[in-house]
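This report refers to the structure that appears directly beneath it.
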Amino acid sequence: MDNRFLTWTCLTLVIIGAINWGLIGFFQFDLVAAIFGGMSAWVSRIIYALIGLAGLYALSFYARMDDNRVIGRDS
């Protein structure tokens with residue numbers, strides 16, 4: 001798997017998670033649960049887990065910031 005693909009995918013999932021948390025905070029509306037059938041639905045749980053894993057992977061962006069390779073741009 002290309003590192004750039006993984007990075008962009010995780011970044012997209014983190015943004016989706018951030019938007020979802022913003023909607024929860026401002027409007028008490030969980031978009032993921034609304035689309036996929038509630039927080040206890042197995043599809044929603046998989047999406048929440050993927051977003052959580054993407055957030056953990058995004059922590060590695062801090063280590064790569066010094067190398068100017070934040071978004072998988074290997075130089």
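Worth a mention:
- Highest average first, the peptides 45-55, 19-29 ordered by how many other beta carbon atoms sit within 10 Å of their residues are 45-55, 19-29.
- Among Ser44, Ser60, the ranking by other beta carbons within 10 Å of each residue's beta carbon, starting with the fewest, stands as Ser60, Ser44.
- Net charge of neighbours whose Cβ lies under 11 Å from the Cβ of Gly38, counting Lys and Arg as +1 and Asp and Glu as -1: 0
- Peptides 12-18, 36-42 ranked from most to least packed, by the mean per-residue count of other Cβ atoms within 10 Å: 12-18, 36-42.
FYI, it's all coordinate maths here, none of it is from the lab. Keep in mind that what you see is a predicted model, and the values were worked out from it rather than measured. Don't worry about glycine lacking a Cβ; one is built from the backbone with ideal geometry, like all the others, and counts go over all protein chains shown.
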